[in-house]
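Undergrad: Here you go, one structure.
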Amino acid sequence: MSPRTTQTILATNDDLDAVVLRSIANGLLTTIACRETDMAMQHHRFTDRIKGLEDRILEYEETFERAPEGYILNDGRVPHFRIPCGNGLSRPAKWIKLNDDGTVSGFADTDGPKSNPHIAKLYAQPDDQYTEEGDARPALPLPPWFRFLLVGPSHDFALLHNALVDHDDWGLTREVHRYRELDREFSDICIKLEQMQVDLDAISQARSSSESRLLLARASEQVDKLENVPRKAQATRSAWKRKSNGRGRPA
């Protein structure tokens, strides 16, 4: 029974007996108890919601005070990784993660939980050194032992890789792997070029032999009536000409 219903009954009935009044009072007590229960449940729900919002705010404030999941503190591992922050300015990446494709993901300390990670490629950075007089020291050629480790057997390359991991420079480590991959590609293409050159020389020799047989057979004299057939100027040239450096190019 609601308070409004009770008020209406009392206003329209002046001679209610004790039984009816007791019934009305019990109804009001039941309504009050139900509403107290509902209020307690709502208060509990609102308290949980407020606690959840407070936790989210705290998480938002602290997210970039500690590493996001899967990330670690940059700490000089990728010193050149800088993230644009507007007006031509940038900030160093604070949190970084190495990706499977050899790139690195990162966040600046000004990013938030809803920020997308920035992606950068890894490269070895120059290590500028100077003499006591302040002159820049020139970079020397790679020594033979280092080249051997770069392109040598897997066991030797693993030693180089592990040493670079201890050095904790991700860009340098990635550059070493990049050089090894490119060296393998270079070697594979050189082998293909050598095989193509062998095939080209064989075809060239076979073509010369065929031309000799055409000469001996006096082939042009057999069809000399076609001498005046209109033809394009380039028809007498080969479709491929060899440059002075030995490489070919289209005619």
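Undergrad: Tell me, yes or no, whether the stretch 204-212 has at least one residue that is open to solvent by 80 Å² or more (accessible area, probe 1.4 Å) and hydroxyl-bearing (Ser, Thr, Tyr).
TA: no
Undergrad: Those residues that are in a helix (DSSP H, G or I) and either of a type in the set (A, V, I, L, M) or surrounded by fewer than 17 Cβ atoms within 10 Å (Cβ to Cβ) (or both), I need them from the stretch 160-174; list them, please.
TA: LEU160, HIS161, ASN162, ALA163, LEU164, VAL165, ASP166, HIS167, LEU172
Undergrad: Confirm whether ILE189 is within 29 Å of the chain's Cα centre (by Cα) and modelled with pLDDT of 95 or more.
TA: For ILE189, the condition - within 29 Å of the chain's Cα centre (by Cα) and modelled with pLDDT of 95 or more - is met.
Undergrad: Taking only the stretch 81-105 into account, find how many residues are open to solvent by less than 60 Å² (accessible area, probe 1.4 Å) and either in contact with a strand residue (DSSP E or B) (Cβ under 7 Å, 6 or more places away or on another chain) or in contact (Cβ under 8 Å) with a residue 24 or more places away in the chain (or both).
TA: 12
Undergrad: So if I check each of ARG178, ARG184, which one is under 21 Å from ASN99 (Cα atoms), part of a helix (DSSP H, G or I) and basic (Lys, Arg)?
TA: On inspection, the qualifying residue turns out to be ARG178.
Undergrad: Sort out for me the strands (runs of 3 or more DSSP E) sitting completely within the stretch 40-136 that have 1 or more residues that are in contact with a Lys or Arg (Cβ under 7 Å, 6 or more places away or on another chain), among the charged types (D, E, K, R) and modelled with pLDDT of 85 or more.
TA: Per the criteria, 82-86, 89-92.
Undergrad: Another question about this same structure. Could you tell me whether any residue of the stretch 150-157 is of a type in the set (Phe, Trp, Tyr), closer than 30 Å to PHE186 by Cα and modelled with pLDDT of 90 or more?
TA: Yes, the stretch 150-157 contains at least one residue that is of a type in the set (Phe, Trp, Tyr), closer than 30 Å to PHE186 by Cα and modelled with pLDDT of 90 or more.
Undergrad: Restricting to the stretch 187-203, what's the tally of residues that are of a type in the set (S, T, N, Q) and open to solvent by 80 Å² or more (accessible area, probe 1.4 Å)?
TA: Count: 1.
The values are calculated or read from the model by the stated rules, or taken from the named source; none is laboratory data. Values in this document were obtained by computation on a predicted structure and should not be read as measured data. All Cβ positions, glycine included, derive from the backbone under ideal geometry; neighbour counts span all protein chains shown. Heavy atoms of the whole protein, side chains included, go into the accessibility calculation; ligands, DNA and RNA do not. Shrake-Rupley method; radii C 1.70, N 1.55, O 1.52, S 1.80 Å.
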